[in-house]
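The values are calculated or read from the model by the stated rules, or taken from the named source; none is laboratory data. It should be emphasised that the depicted structure is a prediction, and the values quoted were computed from it without experimental measurement. Don't worry about glycine lacking a Cβ; one is built from the backbone with ideal geometry, like all the others, and counts go over all protein chains shown. To get the accessible areas, we keep the full protein, side chains included, count just its heavy atoms, and leave off ligands, DNA and RNA. Shrake-Rupley method; radii C 1.70, N 1.55, O 1.52, S 1.80 Å.
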Amino acid sequence: MKARILIIEDNEQNLYMETFLLEKYGYEVVGARDGREGLELAARVKPALIVLDIQLPLMDGHEIARRLKTSPETRDIPIVAVTSYAMNKDREQILASGCEGYMEKPINPETFVSELAQHLPTSPPNGDEP
Ligand code: MN
């Protein structure tokens, strides 16, 4: 089994697509629909990477990233934000809140997994065509 990845995403279609793509490459995926669930799962399942939506109920992705990065349990887990906000201000905020990477929605199914894999401490996907 390859690395475990936590996706925090409230949009079912996005969660489904991102999960589908990652599982296709053999990753184990855990999904959360809001920040409370996401923070709880991050501490419990210790994912190798977190895919983080920014616009979420309860608390936004910036707040989630700040909390993940201030907890000793989760601070070393790389976070890649995935958001439809395309403005530079948001990108700066995302990086300032502690995320290692940034991807824009809609995600590109051709490159989604390989872009994420760049932030994984473990082995990248083998690049096989589906
Ligand atoms: Mn959202």
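Out of the residues in the stretch 54-105 that are open to solvent by less than 20 Å² (accessible area, probe 1.4 Å) and polar (S, T, N, Q), state the one that is nearest to the ligand (Cβ to nearest atom). The qualifying residue nearest to the ligand (Cβ to nearest atom) is Thr83. The numbered conditions (1) farther than 19 Å from Glu12 by Cβ; (2) of a type outside the set (D, E, K, R); (3) at pLDDT below 95 are all true for Gln55 except (1). Highlighted here are the helices (runs of 4 or more DSSP H) found entirely within the stretch 1-108 that include at least 3 residues which are under 12 Å from the mean Cα position of the chain (by Cα) and in contact (Cβ under 8 Å) with a residue 60 or more places away in the chain: 12-24. Within the stretch 11-36, take every residue that is within 15 Å of the ligand (Cβ to nearest atom) and surrounded by fewer than 18 Cβ atoms within 10 Å (Cβ to Cβ) and give me the one that is nearest to Pro72 (Cα to Cα). Among those residues, the one meeting the criterion is Arg36. If the condition is being of a type in the set (Phe, Trp, Tyr) and touching a Lys or Arg at 6+ places or on another chain (Cβ under 9 Å), then the stretch 1-39 contributes Tyr25, Tyr27.
You will find that of Ile54, Ile77, the residue that is among the aliphatic types (A, V, I, L, M) and under 21 Å from Lys2 (Cα atoms) is Ile77 and no other.
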